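This is the structure, below, for whatever I ask next.
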Amino acid sequence: MDRRKRIAIFTRASLPWMTGTTINPLFRAAYLAKGGDRKITLVIPWLYLKDQKLVYPVNAMFGSPWEQQSYIRQWLERRIAFIPDFGICFYPGKFAVDKRSIILVGDILEIVPDEEADIAVLEEPEHLTWFHHGKRWKTKFRLVIGIIHTNYLEYVKREKNGRLLAFLLKYLNSWVVSIYCHKVIRLSAATQDYPRSNIYSRHGVNPKFLEVGKKIFEQQQSRNQAFTKGDYYIGKMVWSKGYGELLKLLRDHQKELVGLEIDLYVNGEDSDQVNEATNKLKLVVRVHPGCDHADPLFHDYEIFLNPSTTDVVCTTTAEALAMGKIVICANHPSNDFFKQFSNCRTYDDGSGSLQPHVMQSLLH
């Protein structure tokens, strides 16, 4: 009889959608399975083709869950130095255009047999339980741990009647998370508070980024030029992902930032509107198709600019720091963990002018 500890990791997104709730649970499953003393199952959504077209790149569509599973495993094996032994199961999902996210269809608890229901990790427990109907998670599993990835209240505040919606959502989130989770981990203080919760920011980065950072450090120690390019930003092109803050920062400080050039690597629903807004700036802003942050084309950039205040712990910020880049980000609870690193520069924009050390970094 298999007496290994059984852990099922549930999340609401999957590759090739490059988002934190895809990448972090995937690596969590791989590394938890590494020792062989645990039986790990990653439970992710399956989208039918009409929804895949709304979410995934045009060159990454799947006719079956097995095709997608093969794609996911190949992507992962190119980024880690071992072959992970964990299972992947799919539940039916649907892309909600108005919410810009995948929602569950049916009772996903049925995916895991009762005899294997030991520990459940819910990546974004509020999202996974808003529409849940069926057996309670705490009844099915001996231990349920919720990991809070997203600052949903901040997103909702930006919508029509946002403050009222945020007030209602705060209580809904607290209610469902309290009902379904024994323990809650918040990835930063940027999220709403929950009963029985702790803040724990460290979920690591792909070792490939640390290898790049080591090479950069060796070049700098040898007094060789480590970087040949300036500023960049990578992220899904939707207003709520920091583009409002980015364009406001550039627009308000155009005179101070004369000579600044920045490259944006992006895909997203608001691409046309964001492109139109960047064209009105007097600064050089180049927009490129979205690309994996591990791509070598990013190695030569020196400055990663991320003014977003909707993130909880931004994965791309952590990756940029690991690669030895100077990261410029807002003085915000979501960035508290990053402040300990010497290559992180934070700014307060409320004074109307950027601090000298930030200006110097941006203009390098």
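Quick check on this structure: which one of Tyr71, Tyr56 is within 21 Å of the chain's Cα centre (by Cα) and open to solvent by 30 Å² or more (accessible area, probe 1.4 Å)?
Matching residue, one of Tyr71, Tyr56: Tyr71.
What number of residues within the range 135-156 are more than 21 Å from Val313 (Cβ to Cβ), in a helix (DSSP H, G or I) and not charged (D, E, K, R)?
Count: 2.
If you scan the range 325-336, which residues turn out to be crowded, with 22+ Cβ neighbours inside 10 Å and not β-branched (Val, Ile, Thr)?
Matches in the range 325-336: Lys325, Cys329, Ser334, Asn335.
Condition check ((1) within 26 Å of Lys99 (Cα to Cα); (2) modelled with pLDDT of 85 or more) across all residues:
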position: His203; (1), (2): no, no
position: Lys215; (1), (2): no, yes
position: Val258; (1), (2): no, no
position: Glu261; (1), (2): no, yes
position: Asn267; (1), (2): yes, no
position: Ser271; (1), (2): yes, no
position: Ala277; (1), (2): yes, no
position: Val284; (1), (2): no, yes
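Scanning the range 217-243 for residues that are buried (at least 17 other Cβ atoms within 10 Å of the Cβ) and charged (D, E, K, R), which turns out modelled with the highest pLDDT?
It comes out as Asp231.
Among the numbered criteria (1) without any contact (Cβ under 8 Å) to a residue 40 or more places away in the chain; (2) not in a loop (DSSP other than H, G, I, E, B), which one does Lys99 miss?
Only one criterion is unmet by Lys99, namely (2).
Among (1) under 24 Å from Arg28 (Cβ atoms); (2) at pLDDT below 90; (3) in a helix (DSSP H, G or I), there is one condition Pro195 misses while meeting the rest; what is its number?
(3)
Would you confirm whether any residue within the range 182-204 is closer than 18 Å to Asn343 by Cβ, in contact with a helix residue (DSSP H, G or I) (Cβ under 9 Å, 6 or more places away or on another chain) and open to solvent by 40 Å² or more (accessible area, probe 1.4 Å)?
The answer is yes; a qualifying residue exists.
Return the only residue of Lys99, Lys94, Lys50 being of a type in the set (Lys, Arg), exposed (fewer than 13 other Cβ atoms within 10 Å of the Cβ), over 19 Å from the mean Cα position of the chain (by Cα) and closer than 30 Å to Glu154 by Cα.
That would be Lys50, the only listed residue that is of a type in the set (Lys, Arg), exposed (fewer than 13 other Cβ atoms within 10 Å of the Cβ), over 19 Å from the mean Cα position of the chain (by Cα) and closer than 30 Å to Glu154 by Cα.
Oh, and also: Among (1) exposed (fewer than 14 other Cβ atoms within 10 Å of the Cβ); (2) under 18 Å from Thr19 (Cα atoms), there is one condition Asp114 misses while meeting the rest; what is its number?
Unmet condition: (2).
Also, quick follow-up: Within the range 286-310, can you find the residues that are over 30 Å from Tyr152 (Cα atoms) and in a loop (DSSP other than H, G, I, E, B)?
Of everything in the range 286-310, those that are over 30 Å from Tyr152 (Cα atoms) and in a loop (DSSP other than H, G, I, E, B) turn out to be His299, Asp300.
A further question on this structure: So is Arg12 in contact with a Ser or Thr (Cβ under 8 Å, 6 or more places away or on another chain), of a type outside the set (A, V, I, L, M, F, W, C) and not in a helix (DSSP H, G or I) or not?
yes
Give Glu211, Glu159 a once-over and let me know the one that is surrounded by fewer than 17 Cβ atoms within 10 Å (Cβ to Cβ) and assigned to a helix (DSSP H, G or I).
The unique qualifying residue is Glu211.
Right, next: Applying the selection to the range 1-45, what residues are under 20 Å from Asp292 (Cα atoms) and open to solvent by 50 Å² or more (accessible area, probe 1.4 Å)?
Met18, Arg28
Let me ask another. May I ask you to verify whether Ile179 is open to solvent by less than 80 Å² (accessible area, probe 1.4 Å), without any contact (Cβ under 8 Å) to a residue 60 or more places away in the chain and out of contact with any Phe, Trp or Tyr (no Cβ under 6 Å at 6 or more places or on another chain)?
yes
Looking at the range 138-155, I want the residues that are more than 16 Å from Glu116 (Cα to Cα) and surrounded by 20 or more Cβ atoms within 10 Å (Cβ to Cβ) and have a partner that is basic (Lys, Arg) and modelled with pLDDT under 95 with Cβ atoms under 6 Å, at least 6 apart or on another chain. Which pairs are those?
Pairs found: Ile148/Arg186.
Which is loosely packed, with under 14 Cβ neighbours inside 10 Å, touching a residue at least 24 places away in the same chain (Cβ under 8 Å) and over 27 Å from the mean Cα position of the chain (by Cα), of Lys255, Lys282?
Residue meeting the stated conditions: Lys282.
The values are calculated or read from the model by the stated rules, or taken from the named source; none is laboratory data. Here the structure is a predicted model, which is why all the values come from computation and not from measurement. Glycine gets a Cβ as well: all are built from the backbone with ideal geometry, and neighbour counts include every protein chain shown. The protein model used for the area step is the full one, side chains on, heavy atoms only, and it has no ligands, DNA or RNA in it. Shrake-Rupley method; radii C 1.70, N 1.55, O 1.52, S 1.80 Å.
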